[in-house]
Amino acid sequence: MTKKSLWLTPVAAIVAGVAYAQQFPILDAVANKVVQKYQGMTCEQLWQQKSQPKGPEEQRIVGMLKSDPAMRTEFLNRVAAPIANKMFECGMIP
């Protein structure tokens, strides 16, 4: 690789991130809210929440994610690791 291409790779990643943020403006806020929710919950709260039905706002967001594969992919890329780590800590996944 040349020095120029080494410099362009991080710039391309930043531009791609900005493009996603512009493509899904509400996604960033929703993803941050979900991550904060999971990080702020105790394991007991997480187990209790798992058995409760989803509210109308959550159902609407899930519907949006089901209908838009690109948005769903970006959302999962943002929330999967923090949620999986919390679930692992709580013994919900092996």
- Message: Per residue, how big is the convex hull of the range 26-89 when only Cα atoms are used? Give it in Å³.
- Response: 85 Å³
- Sticking with the crude label model, points 7 Å out along Cα→Cβ, report the distance from Glu58 to Thr73 in nm, one decimal please. 2.7 nm
- Hey, which aspartates and glutamates would be in cross-link range of Lys86, C-alpha to C-alpha under 19 Å, not counting anything within fewer than 8 residues on its own chain? Glu44
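No lab work stands behind these numbers, since they all come straight from the coordinates. All values derive from a computational prediction rather than experimental measurement. Ideal geometry is used to build each Cβ from the backbone, glycine not excepted, and the neighbour counts take in all protein chains shown.
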